[in-house]
Amino acid sequence: MSDPRVRPVGPYPISQGGWHEGGSSKAYVTNDWRLEKPVVDLEKCVGCLYCWVYCPEPAIDLLDRAGKGPSKVRIDYDHCKGCGICQQVCPPKAIKMVPEEEEVANNGSI
Amino acid sequence: MEGNSKLSQFQPVKSIFEINREERMAPGHRACAGCGPMIAVRQILQSLDVKPVVISATGCVEVTTSTYPDSAWLVPWAHVAFENSAAVASGVEAAMHALKVRGELKEERPVIALAGDGGTFDIGLQALSGALERGHRMLYVCYDNEAYMNTGIQRSSATPFGAWTTTSPVGKEWPGKAEIKKDIMGIVVAHGTPYAATASISHWKDLMTKVRKAVSQNGPTFLHVYAPCNRGWRFEPKDTVEVAKRAVETRFFPLYEVENGRYRITVPVAKPRPLEDFLSLQGRFSHLLKPENSETLKELKSIVEERWSKINAAASVQAQV
Amino acid sequence: MAQFESVQTRKSLLTGDEAVAHAVRQSNVDLVAAYPITPQTIIVERIADFAASGAFTGQFVPVESEHSAMSACIGGALAGARAFTATASQGLALMHEMLYAASGLRLPISMAIANRALNSPLNIHNDHTDVMGSIDSGWIQLFAENAEEAYDRVIQSFRIAEAVNLPVAVNLDGFTLTHSTEPVEMLSDEAVRGFVGRPPKRDSLMDEAPKSFGLMSLPDSYQFFKEDQSRATTGSGVTISQVEGEYVKLSGRDHGALKIFGSGSKVMMVMLGSYAGTARTTARQMKNGGEQVGVISLGWLRPFPERQFLDALEGVETLMIMDRSVSYGAPAGPLASDVMSLLYRYGIKRKVIAVTYGLGGRGFLEEDAMRLFRYAEKSGPSFESFFFYGGE
């Protein structure tokens, strides 16, 4: 038996007072939360940003992050939880929800 | 306090394309799929070009975004407790000012206190009142999902009349919640707060413009954001925005602002949809649509109409002056 | 008002509360957030006076409750500022939740506690019930015997807190110290400002790269945060001694972890706070008459000064431990329980008499000290080792 006074090695370092650099949650993947996944039809997408502005994650990546005009999007499949809001709010109906198992042409998985 | 002159210039949001595209929240947080409050947080933070300090009260947004060592916040952020986000934010604001005076801080950041309806209407009301009275330059945001969702859908004083929650269940004796929603805007406005507004996640442009206007004020401001919870209200995750939209379109949740005491309805609803359009999407109101509860539904409708009339009257009177 | 600004470098007549307010004024404090409560009120009133006249250069935030006072201090400290508050009794109880937040977040915040009894029944007078209810909240707890010591310890508290990243409370007895006028030799503003400096740079909400504070910790990490915090508190004694040592060089005043009178006496009375002076006067008289009695007055309670206390036990047969609060249903009062567990852990056997006294402002005069010393001296097989002492 090992010395009971020795502290076990935890899964990560312990900071002073429990602070952390912001944005670290990105390493945490939530893709197994969903039953359906959104697929963007880039032909129909007009770049209006509505899906981005209503996404709770955000799991909508803007193809033109630096610009000031319309930007087409792609889904961050590592983090999308499959809620389907983007499909609901998309004005040109360029997003459809398909079963998670379905093989889809990759429209920009990151 | 005039810490940051850039903040004082208010620019309404004219187009979605001018919104800051640098993400202020990282994905990987543990909020439920289709979370309304998280939509609110993203819209609020994306509306500003500067990075505010956010002080979260305990609640859904706080616990789901901050599981050590994961933080979803790409702005300076802190959580201390449930009832004191306004007080902690007061300390941050005063400290920034002290450090600025000493020449140790170049520019003050906007301070946003962020709490749910429980943390605002109930347990945090005293701290909010104190901060409003003292006049700290801060934006207090209440994301309202109309119950204690983080602990399992218990009623708060923001829960609407007639709604089912786990502590206002529906039975022979109870119609769901028997009391009407507290008028938090009235309480805030009574403090003489320079700017207070309601907003809904469904109306992003209205919400973002209000955030910008609030942050430009040299004093305390308040934003009451309607943020549906699909788990607690019993609807499909995909419908979060639709439910919020119908709340506005049925006059259930009026969108207005009060600037230096002057009321203005920012999203007029000339022809409201029937209230049933809002209720029928949600399991928490399903009992109200049954014939045996028609009296309760009638009462809820009159509460909604009365609330709208009151705000409308305040806005109309001032429009004439 | 004016008199408080012109007394900076000479011996002044001040109440304990005024002395604390001056210490805060001189210590480059950025934020004072406080709510009035007897017998702390003079502290906040004087700081408000100093703010009104420009003598206090930080921000004064008159909050609506003690809970918000500590919350605002936490916010200020998270922004990298030097924060101070003062409270007592019900106020300390109301901010109880936030005491744990301040220490758990490892924030350097200083606080003066004007010790007072707790409801019910309502009582505004002095005992240690308030601080003993918060003794395990992770704050460094220091005790002053007189106004000058309160002044000194408040100045030191900023340096200690910022060096070990833990909050520090300085306790001073309500009314006995807070409202009694005593001679206090104040240091010059320059000397104090030089001593406390400005807070060292720490991770804060003002940093360019966004940082998150107060994250939620699951069972995989919580205990380790608490273990680190516990080690930091236990180990803070070294830093406290260093700061005290530097202060001695500046002022010539050495308070230390504990004060011993009558080292090695057969009977030692163990005390906290202002009544130690009374016991010491009595012990001096009795010693002059050939009796073997002395006093240990603790200046630190958290961290408990283990080494210094054990060193003081040489030649001692009986410890009479004087508690000014009750731990209902416990084997002894909180101070006595601390001492007894320390003795047991080190395998040290001493006769212990645990006395509860002085609750709600009940007095303690030299004759009381003498009665108790005499009881301890005569303690034979039939003596009672845990009782309330209420005077004649």
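Where q = 0.18, 0.23 Å⁻¹, what log10 of I(q)/I(0) comes from the Debye formula for the stretch A:41-99, counting one point per Cα?
At q = 0.18, 0.23 Å⁻¹ the computed log10 ratios are -0.55, -0.92.
How crowded by other chains is B:234-245, given as the mean number of beta carbons from other chains within 10 Å of each beta carbon?
Counting other chains' Cβ atoms within 10 Å and averaging over B:234-245 gives 4.
Give me B:Ser286, C:Ser137, A:Ser2 ranked fewest to most by other Cβ atoms within 10 Å of their Cβ, as a rough exposure proxy.
Fewest-to-most Cβ neighbours within 10 Å comes out as A:Ser2, B:Ser286, C:Ser137.
Kindly put B:Val304, A:Val104, C:Val168 in sequence by how many other C-beta atoms sit within 10 Å of each C-beta, fewest to most.
So the ranking, lowest neighbour count to highest, is A:Val104, B:Val304, C:Val168.
Spelling out what I want: for every residue of the stretch A:10-22, take phi, set θ = phi - 60°, compute 6.51 cos²θ - 1.76 cosθ + 1.60 (Karplus), and round to whole Hz; glycine and proline get x.
x, x, 7, x, 9, 7, 7, x, x, 8, 7, 4, x
Need one value for B:130-137: mean number of C-beta atoms belonging to other chains within 10 Å of its residues' C-beta atoms.
3
If the rule is a partner Cβ under 4.7 Å, which cysteines in the protein assembly as shown fail it?
By the Cβ distance rule, which asks for a partner under 4.7 Å, the isolated cysteines are A:Cys45, A:Cys48, A:Cys55, A:Cys80, A:Cys83, A:Cys90, B:Cys32, B:Cys35, B:Cys60, B:Cys142, B:Cys229, C:Cys73.
Suppose the Debye formula is applied to equal point scatterers at every Cα of the stretch B:1-138; what is log10 I(q)/I(0) at q = 0.09, 0.12, 0.22 Å⁻¹?
Values returned for q = 0.09, 0.12, 0.22 Å⁻¹ are -0.28, -0.51, -1.42.
Among all the lysines, which ones have a C-alpha under 24 Å from C:Lys11's C-alpha, if same-chain residues fewer than 8 places away are not counted?
C:Lys249, C:Lys259
What distance in nm lies between label points placed 7 Å from Cα along the C-beta direction at A:Asn31 and B:Arg264?
The modelled label-to-label distance comes out at 4.7 nm.
To test your reading of the geometry: what angle, between 0 and 90 degrees and rounded to tens, separates the Cα axis of helix B:125-134 from the longest principal axis of chain B?
Helix B:125-134 sits at roughly 40 degrees to that axis.
Under a cut-off of 12 Å between alpha-carbon atoms, report the aspartates and glutamates in cross-link reach of B:Lys205, not counting same-chain residues fewer than 8 places apart.
B:Glu18
What does the charge count near C:Pro199 come to, summing +1 for each Lys or Arg and -1 for each Asp or Glu among other residues with Cβ under 11 Å from its Cβ?
Local charge sum for C:Pro199: +3.
Per residue of the stretch C:237-242, what does 6.51 cos²θ - 1.76 cosθ + 1.60 with θ = phi - 60° give for ³J(HN,Hα)? Whole Hz please, x for Gly and Pro, Karplus curve as stated.
Calculated HN-Hα couplings, in order: x, 4, 5, 4, 4, 4 Hz.
So what does log10 I(q)/I(0) come out to for the protein assembly as shown at q = 0.06, 0.11 Å⁻¹, using the Debye formula with one equal point on every Cα and no solvent?
Scattering profile of the protein assembly as shown, log10 relative to I(0): -0.46, -1.17.
Looking only at the stretch C:259-389, where both bridge partners belong to it, what percent of the DSSP beta bridges are antiparallel (to the nearest 5)?
Here the antiparallel bridges make up roughly 15 percent for the stretch C:259-389.
Give me the net charge for the shell around C:Gln40: Cβ to Cβ below 13 angstrom, other residues only, Lys and Arg +1, Asp and Glu -1.
Once all neighbours under 13 Å are counted, the net charge is -4.
Please quote Rg/Rh for the stretch B:172-321 to two decimal places, taking the Kirkwood radius as Rh and restricting both calculations to Cα atoms.
0.99
Which order do the peptides C:12-20, B:275-283 come out in when sorted by mean C-beta neighbours inside 10 angstrom, highest first?
The peptides rank, most packed first, as C:12-20, B:275-283.
To the nearest 0.05, how large is the calculated FRET efficiency for A:Glu100 and C:Lys226 if R₀ is 35 Å and r is the Cβ-Cβ distance?
0.30
May I ask for the Rg/Rh ratio of the stretch C:259-389, computed from Cα atoms with Rh as the Kirkwood radius, given to two decimals?
0.92
Post the alpha-carbon centroid distance, the stretch C:288-316 to the stretch C:136-151, in whole angstrom.
18 Å
I'd like the Kirkwood hydrodynamic radius of chain B, using the inverse of the mean 1/r over distinct C-alpha pairs, in Å.
19.9 Å
For a footprinting-style exposure proxy, rank B:Cys35, A:Cys45 by other Cβ within 10 Å, fewest first.
Lowest count first: A:Cys45, B:Cys35.
Would you kindly state how much longer the chain becomes between C:Lys11 and C:Ile348 on full extension, computed as 0.36 nm times their sequence separation minus their alpha carbon distance, in nm to one decimal?
116.9 nm
Please compare each pair in A:Lys93/B:Lys310; A:Lys81/B:Lys182; A:Lys68/C:Lys211; A:Lys37/B:Lys213 to a cut-off of 31 Å on the Cα-Cα distance and tell me which ones are over it.
A:Lys93/B:Lys310; A:Lys81/B:Lys182; A:Lys37/B:Lys213
Ranked highest first by the average count of other Cβ atoms within 10 Å around their residues, in what order do A:15-21, B:220-226, C:183-189, B:17-23 fall?
B:220-226, A:15-21, C:183-189, B:17-23
Based on DSSP H runs of at least 4 residues, each adding -39500 (n - 2.57), what is the mean residue ellipticity at 222 nm of chain C after dividing by all its residues, to the nearest 500 deg cm²/dmol?
Computed mean residue ellipticity for chain C: -12500 deg cm²/dmol.
Using only Cα atoms, locate the centre of the stretch B:265-321 and the centre of the stretch C:59-77, then give the distance between them in Å, rounded to an integer.
Cα centroid to Cα centroid, the span is 40 Å.
Given all pairs of different Cα atoms, what value in angstroms does the Kirkwood hydrodynamic radius of chain A take?
Radius from the Kirkwood sum: 16.2 Å.
Check B:Ala197: other-chain or 5+ apart residues with amide H under 5 Å from its amide H, H built from backbone geometry?
B:Phe222, B:Leu223, B:His224, B:Val258
Once you place label points 7 Å from the Cα toward the Cβ at C:Gln285 and C:Glu182, how far apart are they in nm?
2.0 nm
Going out from 0 in 5 Å bins, what whole percent of all Cα-Cα distances in the stretch C:51-206 drops into each bin?
2, 9, 18, 21, 22, 16, 9, 3, 1, 0
How well do other chains shield peptide B:37-44, expressed as the mean number of their Cβ atoms within 10 Å of each residue Cβ?
The per-residue average across the peptide is 3.
Taking the Cα-to-Cβ direction at C:Lys249 and at B:Glu295 and moving 7 Å from each Cα, how far apart do the two end points lie in nm?
8.3 nm
For the stretch B:276-281, just list the computed ³J(HN,Hα) in residue order, Karplus coefficients 6.51, -1.76 and 1.60, θ = phi - 60°, integers in Hz, with x standing in for Gly and Pro.
4, 4, 7, 5, 5, 6
Under a 5 Å amide H to amide H cut-off, with H placed in plane at 1.01 Å, what residues pair with A:Lys37 once short-range neighbours are removed?
A:Val98, A:Glu100
In Å, what Rg and Dmax follow from the Cα atoms of the stretch C:164-281?
Reported Rg and Dmax, both Å: 19.9, 61.
Roughly what percent of Cα-Cα pairs across chain C reach past 27 Å?
Above the 27 Å cut-off, chain C has 48 percent of its Cα pairs.
Trypsin sites (Lys or Arg not before Pro) within the stretch C:297-392: which are DSSP loop residues with at most 15 other Cβ atoms inside 10 Å?
Answer by residue number: C:Lys349, C:Arg350.
Quote the FRET efficiency, to the nearest 0.05, computed for C:Val238 versus B:Asp49 with a Förster distance R0 of 56 Å and r equal to the Cβ-Cβ distance.
In this case the efficiency is close to 0.75.
For C:Glu392 and C:Asn119, FRET efficiency with R0 = 25 Å and r from the beta-carbon atoms, rounded to 0.05?
In this case the efficiency is close to 0.35.
Using DSSP to define loop residues, name the trypsin sites (Lys or Arg not before Pro) in the stretch C:8-73 whose beta-carbon has at most 10 other beta-carbon atoms within 10 Å.
Answer by residue number: C:Arg10.
Each value in this text was obtained by applying a stated rule to the coordinates, not by laboratory testing. What you see is a predicted model, and the numbers here were worked out from it, not measured in a lab. Reconstructed Cβ throughout: ideal geometry from the backbone, glycine too, with neighbour counts over all protein chains shown.
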